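The values are calculated or read from the model by the stated rules, or taken from the named source; none is laboratory data. Please read all numbers here as calculations on a predicted model, not as lab measurements. Note that each Cβ is placed from the backbone with ideal geometry, even for glycine, and that neighbours are counted across all protein chains shown. The protein model used for the area step is the full one, side chains on, heavy atoms only, and it has no ligands, DNA or RNA in it. Shrake-Rupley method; radii C 1.70, N 1.55, O 1.52, S 1.80 Å.
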Amino acid sequence: MARYRGPVEKIERRFGVSLFLKGERRLAGKSSLEKRHYGPGQHGQRRSKPSDYALQLHEKQKAKMLYGISERQFRNIFKEANRLEGNTGELLVSLLERRLDNIVYRMGFATTRRFARQLVTHGHVLLDGKKINIPSVTVKPGAKVEIREKSKNNTQIKRAIELTHQTGIVEWVDVDQEKVFGIFTRLPERSEVLIPIEERLIVELYSK
């Protein structure tokens, strides 16, 4: 299944939670979810009790939309988390958080993960001094992520950095906003990753 490229606010309304897909609109309280707390379409206001499978599937779909990845990518990340020693759900979240596009977003250089992915794909991002155009690259603790010199005056990047005064920056990165670079200092604890996902349900789904 290809990556979703349609209206993202409809997806948030379908799940009933913000997936941080509209950065500045969400901060301004202008997202569709703020105005209509029900699903899209003529049957959006119907209420029915979902099955256990539906709940598990919805969690996986939410996670895919949140991080902007395809079905195949998500499945491969889950396989890697399942192979490693430890709590599979927590490892899954950790691997998702370590994607380069997500790190760019977490450092405040982009208002959304979608824009962060574009920055990486278009060659605006350096990883340890090297231009990387693959958003799915796994970043190791201690790595330096920076916006290349020619792109530091990009108005969207500047605006994203300004908005971090409202949103804040996560504890596991150390950012120099003036020089537009950051260090991925450590792996985050699951309790620090504030996302509307119950990874336990995803593990249950793949365990069937």
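Ranked from largest to smallest solvent-accessible area, with a 1.4 Å probe on the protein heavy atoms, ARG72, ARG106 come out as ARG72, ARG106. Near LYS152, once Lys and Arg are set to +1 and Asp and Glu to -1 for all other residues with Cβ below 11 Å from its Cβ, the sum equals +1.
Roughly to the nearest percent, how much of the accessible area of the stretch 75-208 is carbon and sulfur, given a 1.4 Å probe? Don't skip to the end; give the middle numbers.
Numbers: 3270 of 7130 Å².
Looking at the stretch 75-208 in its full context, I get 46 percent from C and S.
Sorting PHE181, PHE78 by accessible area puts them as PHE181, PHE78; the probe is 1.4 Å, largest comes first, and only protein heavy atoms count.
So what is the accessible area of the stretch 142-198 per residue, in Å², with the probe set to 1.4 Å? Let's see the in-between values first.
Values: 3460 Å² over 57 residues.
Ligands and nucleic acids excluded, the figure is 61 Å² per residue.
Computed from phi, the 3J(HN,Hα) profile of the stretch 69-84 under the Karplus parametrisation 6.51, -1.76, 1.60 (θ = phi - 60°) reads 10, 7, 4, 5, 4, 5, 4, 5, 5, 5, 4, 5, 5, 5, 6, 6 Hz, with x in place of Gly and Pro. For the stretch 142-206 versus the stretch 73-93, the spacing of their alpha-carbon centroids is 21 Å.
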